[in-house]
1. Could you tell me how many of the residues in segment 15-40 are outside any helix (DSSP H, G or I) and either under 15 Å from residue 2 (Cβ atoms) or touching a helix residue (DSSP H, G or I) at 6+ places or on another chain (Cβ under 6 Å) (or both)?
2. Take segment 164-183 and flag every residue that is more than 14 Å from residue 241 (Cβ to Cβ) and in a strand (DSSP E or B).
3. For residue 209, work out the one condition from (1) part of a loop (DSSP other than H, G, I, E, B); (2) under 43 Å from the mean Cα position of the chain (by Cα) it doesn't fulfil.
4. Can you spot a residue in segment 162-182 that is surrounded by 11 or more Cβ atoms within 10 Å (Cβ to Cβ), modelled with pLDDT of 60 or more and in contact with a helix residue (DSSP H, G or I) (Cβ under 6 Å, 6 or more places away or on another chain)?
5. Taking segment 228-247 as the search range and keeping residues that are in contact (Cβ under 8 Å) with a residue 40 or more places away in the chain and surrounded by fewer than 12 Cβ atoms within 10 Å (Cβ to Cβ), which one is farthest from residue 159 (Cα to Cα)?
């Protein structure tokens, strides 16, 4: 259920309600309780004998009210800073002294139409701010959640690495690193200074006997990342190999290696 805005609640406490607000208050206990609490304040403010018994609030209270309601600079000063001069002080003024200035007359209470117009102006003025703040809050919350998740998921630790050396007839160099991510997955990061392949480059993990090997995928450019199968034991396949593969449809290693190195596990 959408509750009434603060301006509408204040006007309801002053007795200015429209049929829609009245119907809402009949069905919403939370807004009804807010109006009841505000009505106590209105009652206290309209009862001078009660108000005189209340302690004077600090100026910071009025500063907060002024800022919250967005009032103009003409009413920025604390109303309690200029109390009315007591009647007893006027009676005790010495003869011949100039008469004190008359107390300012209270402005007539605003009409229902003016309150309604003011309420609508405030709502129109604050609606873009409220919507903007809500949208910003949603965006920031989503961005914060995404950012935290991204940072946590991207956090990794290098658990093995090796510089890759060129084999005969090749001159480029490279490096291979095994990163273990925060979620436990492993990734092989391979870099190479260039490509002298006649066909395409393929990255392998090879056993020391050079008979057993696992292809991780093809490499394009100077860097590539490959997910390492969870059940693959790197101690059994510590050799990183980049091969030059012809476009012959044969999935086996061509026997022509460009770069190779043994991971330091």
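1. 2
2. The answer is 177, 178, 179, 180, 181.
3. Looking at each condition in turn, residue 209 falls short on (2).
4. Among the residues of segment 162-182, at least one is surrounded by 11 or more Cβ atoms within 10 Å (Cβ to Cβ), modelled with pLDDT of 60 or more and in contact with a helix residue (DSSP H, G or I) (Cβ under 6 Å, 6 or more places away or on another chain), which makes the answer yes.
5. 247
The values are calculated or read from the model by the stated rules, or taken from the named source; none is laboratory data. Everything numeric here is computed off the predicted structure, so don't read it as measured data. Positions of Cβ are backbone-derived with ideal geometry, glycine not excepted, and every protein chain shown enters the neighbour counts.
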